[in-house]
Amino acid sequence: MAFLGVKELLKLQEAKKVIEPFNPQRVKNGAYELSLGKEVYLTDSKTGKVETLDENSNRQVDLNPGQFALLLTKEKVSIPKDRIAFISIKAGEKLKGLVNVSGFHVDPGFNDHLLFSVYNAGPSTIVLNTGEPYFPIWFAEMKPELSEEEAYNDNNDHFKKLDHIPPKYIEFLKRGELTSPKALLDKITSVEQTLSEKIIKSDEKKERNDWLYKILIGLLIAIALKVGWDWVAYDRGFADGRKSKESTQEVITEMRKTLTDKVIVQKIDSILANEIKNDTIKKAK
Ligand SMILES: Nc1ccn([C@H]2C[C@H](O)[C@@H](COP(=O)(O)OP(=O)(O)OP(=O)(O)O)O2)c(=O)n1
């Protein structure tokens, strides 16, 4: 099996129009460089629909890290039954992390746009522009030439159906969220951020509560001290009061006793004086 060189490729193009539209300047190193066409589907599309590009205002498509995309080529390729083609993605894009998920060959008899499925395995957004060359294609001989039945025909799935990106693939890719490493990292980062915000808030709340508890405990201690102090003062006052009452009572009792003694002495004195007086009167008689 021989691959076609530049002259053979140009001859084939001249004879069979294998690539349409064709630009001779796109023949590089024995390959023809196919370009991105007008339709793209991104798995993180906001609308969930195919994006339609044009060569003027809406040329660019951003393929985010961890996202998958379907890219339709601008050119149609028509592979003769005595040829087979091999396709790839240019290293310039692959080195950014773009992975060619879809196949590597185009069957003899295939006649349509090509649909590439790609994955951004890199850490940065890969920007693609419509009309730009990304997909090299090489032609090789197929010997002997395939028959109508042996070649790509209407029993095959993609036979003349790739004017647009088939909705069945979009429906398939839309099912559920794409759990790419980047999407997971984003989720982990977001959970981490929410969690650390919550921890900071709860720490602040704890600190606030700690202060409140400290103030409350301080207040309770102050109130307890005051009550205790008042209680001791009251107790002491009560004891002092009782003591002074008892002293007063003692003084009063003493005074009463002294007064009683004095009255008795006075009474005795008076009785004695009267006795002496009566005796004196009697004697005088
Ligand atoms: N990135 C690619 C790879 C291939 N093809 C086209 C060219 C192939 O000739 C055709 C069929 O490829 P396969 O035989 O690998 O695919 P299937 O067997 O799944 O589909 P079909 O039933 O169409 O053969 O699809 C394409 O459009 N884009």
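The values are calculated or read from the model by the stated rules, or taken from the named source; none is laboratory data. Keep in mind that this is a model prediction, so the values were computed, not measured. Cβ: placed from backbone, ideal geometry, glycine included. Neighbour counts: every protein chain shown. With ligands, DNA and RNA removed, areas are computed over all heavy atoms of the protein, side chains included. Shrake-Rupley method; radii C 1.70, N 1.55, O 1.52, S 1.80 Å.
May I ask you to list the residues in region 89-137 that are open to solvent by less than 10 Å² (accessible area, probe 1.4 Å), more than 19 Å from GLY66 (Cα to Cα) and assigned to a loop (DSSP other than H, G, I, E, B)? Across region 89-137, the qualifying residues are PRO108, THR130. Which ones in region 146-160 are within 11 Å of the ligand (Cβ to nearest atom), modelled with pLDDT of 90 or more and not hydrophobic (A, V, I, L, M, F, W, C)? Matches in region 146-160: TYR152, ASN153, ASP154, ASN155, ASN156. Taken together, the criteria exclude PHE172 from residues that are within 16 Å of the ligand (Cβ to nearest atom), among the aromatic types (Phe, Trp, Tyr), under 30 Å from VAL50 (Cα atoms) and surrounded by 10 or more Cβ atoms within 10 Å (Cβ to Cβ). Scanning region 58-102 for residues that are out of contact with any strand residue (DSSP E or B) (no Cβ under 7 Å at 6 or more places or on another chain) and farther than 23 Å from PHE22 by Cα returns LYS94, LEU95.
What residue, among those in region 55-88 that are part of a loop (DSSP other than H, G, I, E, B) and closer than 25 Å to GLU171 by Cβ, is farthest from the chain's Cα centre (by Cα)? Filtering first and then ranking leaves ASN58.
Of the residues in region 72-120, how many are within 12 Å of the ligand (Cβ to nearest atom), in contact with a Gly (Cβ under 8 Å, 6 or more places away or on another chain) and in contact (Cβ under 8 Å) with a residue 60 or more places away in the chain? Count: 4.
Conditions: (1) surrounded by 14 or more Cβ atoms within 10 Å (Cβ to Cβ); (2) more than 10 Å from the ligand (Cβ to nearest atom); (3) of a type in the set (S, T, N, Q); (4) modelled with pLDDT of 90 or more. SER180 meets all but one. Number of the miss? Condition not satisfied by SER180: (4).
The residues of region 1-31 that are among the aromatic types (Phe, Trp, Tyr) and either open to solvent by 60 Å² or more (accessible area, probe 1.4 Å) or touching a Lys or Arg at 6+ places or on another chain (Cβ under 6 Å) (or both) amount to a single one, PHE3.
Applying the set (1) within 15 Å of the ligand (Cβ to nearest atom); (2) of a type in the set (D, E, K, R); (3) closer than 30 Å to ALA2 by Cα to ASP163 leaves exactly one unmet item: (3). Within region 36-52, which residues are open to solvent by 10 Å² or more (accessible area, probe 1.4 Å) and modelled with pLDDT of 90 or more? Matches in region 36-52: LYS38, GLU39, LEU42, THR43, LYS49, VAL50, GLU51, THR52.
Looking at region 184-207, is at least one residue surrounded by 12 or more Cβ atoms within 10 Å (Cβ to Cβ), within 30 Å of THR73 (Cα to Cα) and more than 16 Å from the ligand (Cβ to nearest atom)? The answer is no; no qualifying residue exists.
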